[in-house]
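Encoded as structure tokens, the structure appears first; notes follow it.
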Amino acid sequence: MKNILVVNSSLNSEAGNSSKLVANYLDKLAGKDVKLDLLDLNEAQLPHLTQQEMAAWMTAPEERTQAQAELAAISDALLSRLVEADEVVIGLPMYNLGVPSTFKAWIDRLARAGKSFKYTETGPVGLIADKPVTVLAARGGVYAGTDYDTQTPYIRHIFGLMGITSVNFVYAEGLNMGEEAAEKAFSAANEKIIELLSN
């Protein structure tokens, strides 16, 4: 059985366009032997990373206070879910040319030196086994392939830092540029999803 970590990050939860793309992707897995680990970052409401939480990571487990142990457990649990996943599916809207702050809060608890990557004399080396990551990106405008698309390189770099390089993107763009444009965008995204799942 394949374990799929499904991460949604839309402020609009299930009504968000990126969440609809994820639902479409999961519908096409019907009948397959998969287990879904669902993580809605809007519901999880992870706080912004603090110095206290980072200090807890850097303190040896046997030396942590109760408060530090509780803080470290947040990241440890999220990292375990990523490590245990055979595949990751991410619903990612674009907010102000960037990723949602809830998504950044999640990433900040995954990208940990000594846990998901390590520093070496030749640079950082990822510690997480490579696995397919599918990013279903919903955008009001059209940005893919332009300097305004800050998400694509960021996602590739941050997962690559952790050792995950098998990253694919499905874009639904121009969703706020009229009904016809939105319909074409969702149709094109659906075709890309079918292509990815057929490989």
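The values are calculated or read from the model by the stated rules, or taken from the named source; none is laboratory data. Since we're looking at a predicted model, the values are computed, not measured. Cβ sites come from the backbone with ideal geometry, for glycine too, and all protein chains shown count toward neighbours. Ligands, DNA and RNA are stripped out before the accessible areas are found, and what is left, the full protein with its side chains, is counted by its heavy atoms. Shrake-Rupley method; radii C 1.70, N 1.55, O 1.52, S 1.80 Å.
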Review point. Here are some conditions: (1) of a type in the set (S, T, N, Q); (2) free of Cβ contacts under 8 Å to residues at least 60 places away in the same chain; (3) within 25 Å of Tyr154 (Cβ to Cβ). Asn24 meets all but one. Which one does it not meet?
Key: (2)
Check your understanding: List pairs: first in segment 154-180 and closer than 19 Å to Glu87 by Cβ, second acidic (Asp, Glu) and surrounded by fewer than 16 Cβ atoms within 10 Å (Cβ to Cβ), Cβ under 8 Å, 6+ apart or cross-chain?
Key -> Gly163/Asp130; Ile164/Asp130; Thr165/Asp130; Ser166/Asp130
Exercise for review: Scan segment 119-137 residue by residue and report those that are closer than 20 Å to Val83 by Cβ, of a type in the set (Val, Ile, Thr) and not in a loop (DSSP other than H, G, I, E, B).
Suggested key: Val125, Val133, Thr134, Val135
Check your understanding: What's the number of the condition Ser198 fails, among (1) under 18 Å from the mean Cα position of the chain (by Cα); (2) at pLDDT below 95?
Key -> (1)
Exercise for review: Could you please find all residues in segment 80-103 being in contact with a strand residue (DSSP E or B) (Cβ under 9 Å, 6 or more places away or on another chain) and surrounded by fewer than 18 Cβ atoms within 10 Å (Cβ to Cβ)?
Suggested key: Arg81, Glu84, Asp86, Glu87, Ser101
Revision key, fill the gap. Selection over segment 57-79 where residues are out of contact with any Gly (no Cβ under 9 Å at 6 or more places or on another chain), part of a helix (DSSP H, G or I) and open to solvent by 30 Å² or more (accessible area, probe 1.4 Å) yields a count of 13
Point to revise | Top-ranked residue of segment 37-56 - restricted to ones that are open to solvent by 70 Å² or more (accessible area, probe 1.4 Å) and assigned to a helix (DSSP H, G or I), ranked as nearest to Ala23 (Cα to Cα) | key: Glu43
Exercise for review: Give the residue that is most open to solvent (accessible area, probe 1.4 Å), with candidates limited to residues of segment 121-168 that are among the aromatic types (Phe, Trp, Tyr) and over 16 Å from the mean Cα position of the chain (by Cα).
Suggested key: Tyr148
**Study point:** Residue satisfying condition, being surrounded by 18 or more Cβ atoms within 10 Å (Cβ to Cβ) and touching a residue at least 60 places away in the same chain (Cβ under 8 Å), within set Ala189, Ala185
**Key:** Ala189
Exercise for review: Scan segment 157-199 for residues that are over 30 Å from Lys118 (Cα atoms) and aromatic (Phe, Trp, Tyr) and report the count.
Suggested key: 2
**Study point:** Pairs with Cβ under 9 Å, 6+ apart, first in segment 121-137 and among the basic types (Lys, Arg), second modelled with pLDDT of 95 or more
**Key:** Lys131/Leu82; Lys131/Ala85; Lys131/Asp86; Lys131/Glu87; Lys131/Val88; Lys131/Ile164; Lys131/Ser166
Review point. Of everything in segment 1-15 that's touching a residue at least 24 places away in the same chain (Cβ under 8 Å) and over 19 Å from Ala105 (Cα atoms), which residue is most open to solvent (accessible area, probe 1.4 Å)?
Key: Met1
